[in-house]
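Only the coordinates and a few stated rules stand behind these numbers; no lab work does. All values derive from a computational prediction rather than experimental measurement. Note that we place each Cβ from the backbone using ideal geometry, even for glycine, and neighbour counts take in every protein chain shown.
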Amino acid sequence: MMPSPRPADTREAQAALEYAIGTVSRANPVVGTWRWRYELAAAAALAAAWIALGTAAAAALTGGLAAALALTACFPRGRRFLAARAWCIVTAHRVRTGCAQAWIHTRYGKLPFILWTRSRPSGERVYLWCRAGISAADFSSARKLLVAACMAKDIEVSQHARYAHLIALDVIRREPPAEWNGHPWYDIGTPSGSPAIPAPREPADDAYWLGEPPRDQPPRWVPV
């Protein structure tokens, strides 16, 4: 079953068959570097430390970084912060895998370009640049496949009100705080320190491409 409706005429049916059996093309070096930028930066930093400082000093530095991470993980806010950053990295990879398996790519096998991922009170928000041949309707029709690929509870698809090629995916993993004041979710918690938030916050018009415009302005992101 195709992830998005296609016209039934012969020409479009042939194009849909070619689209369905096509494979995802290999990313060019620039796109591949951007996809794995965090992993490549960490590997390059460790390699540079081993070369510049020597074996003993680099080993000590690596141990110090590991100790700092372990110390940060000892505190609830530190654990939530590290988990948020880790999920931002993992979610981007899972969205790409989900797009490949749900046939959300061009006829040449090009996947949508993930601009960046940010943490949200309910999970992560992924901003994508759709190439020609991909639209927000493809993500909406394949929403259940993307939910399973991201190991999430749900996914909400929104489209920029002016630029149709800019898509935002809200990966829902938890209920947001009942009273969220706009700070990162890892700074929010119940007075008892429990991670469970009983009452979800009503959806607010606070998701914008750039900045936070006044409330009297129309939203820049619209649900699909």
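Evaluated at q = 0.26, 0.27 Å⁻¹, a Debye calculation over the C-alpha positions of region 28-74 (equal weights, vacuum) places log10 I(q)/I(0) at -0.89, -0.91. Between C74 and V222, the distance separating the two model label sites (each 7 Å from Cα on the Cα→Cβ line) works out to 5.3 nm. Applying 0.36 nm per residue to the separation of A67 and T23 and subtracting their alpha-carbon distance, the gain on full extension is 11.5 nm. In this simple spin-label approximation, W36 and R174 carry label points 7 Å from Cα along the Cα→Cβ vector, and these lie 3.1 nm apart.
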